[in-house]
Amino acid sequence: EKVHGGHIPIIAMTAHALKGVEEECLSYGMDAYVSKPLRREHFIALVESFSPPAEPAPAPAEPDNQDAPPPPAASPLGVEDNTRLVRPENMAEHVGDDPETQQQLLHMCREALQAKMPQLRRAINKGDLTAIQRIAHYLRGSIGMLGLPVFVRIAEDVECRHEVLGAELWRQRCEEMCQILKRLEAELQLLHAA
């Protein structure tokens, strides 16, 4: 910018949603801040807020056939069964409703769980607070993209609130996180096999 002029906006992205992180990012010269897991619509609106105004689009033409069938319904994956954790409408908030993108996200989350679950079990068995918090941070960012706000809150408690919650409640949060992850791991395995 000093050489060529102009300004290139920079948006900081972090999994830390703690108080003061946004102010710290802005103090280093960032133009905006978002925390993971991203909310697709919010992120797009934020990026677009730094874009130059677009030329107005022409008004859409009226369709010739007023009796056209409605667009196809959303993927049935988890729509009928409300007990499923993985639901396309929840993922859509983070990655859009493109089935291919959602499949890529499912694959990424399955791989993340395969890699991190054994590490998490070992860390819990050893009582390794730092490792548990590090893994919770990682999983909150990646698994949170599936649109699981309850999991995100629990993982954030595990990562950031050991002192505030106290040992007993914090251990309970660890157990809750592990239960959700175990259920999610089984569900992703079934989806992968299908």
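Greater than 21 Å separation of Cα atoms is the criterion. Which listed pairs, Lys116/Lys182; Lys36/Lys116; Lys36/Lys126, meet it? Show your work: numbers first, answer last.
Details: Lys116/Lys182 12 Å; Lys36/Lys116 18 Å; Lys36/Lys126 28 Å.
Long pairs (Cα-Cα over 21 Å): Lys36/Lys126.
Report in % the part of the accessible area of region 86-194 that belongs to carbon and sulfur, leaving out ligands and nucleic acids; probe 1.4 Å. It would help to have the intermediate numbers written out before the result.
Working: 2990 of 5780 Å².
Accessible surface attributable to carbon and sulfur in region 86-194 totals 52 percent.
What list of ³J(HN,Hα) couplings, whole Hz, do you get for region 141-153 from phi and the Karplus terms 6.51, -1.76, 1.60, once you set θ to phi - 60° and write x for glycine and proline?
Each residue of region 141-153 in turn: x, 7, 5, x, 5, 6, x, 10, x, 5, 4, 4, 5 Hz.
Evaluate region 148-194: find the radius of gyration of its Cα atoms, find its Kirkwood radius, and give the ratio Rg to Rh. Present the calculation step by step, with values, prior to reporting the outcome.
On the way: Rg = 12.8 Å, Rh = 11.4 Å.
Reported Rg/Rh, Kirkwood definition of Rh: 1.12.
The values are calculated or read from the model by the stated rules, or taken from the named source; none is laboratory data. Remember, it's a predicted structure, so these values are computed and weren't measured experimentally. Just the protein is used for accessible areas: all its heavy atoms, side chains included, with ligands, DNA and RNA removed. Shrake-Rupley method; radii C 1.70, N 1.55, O 1.52, S 1.80 Å.
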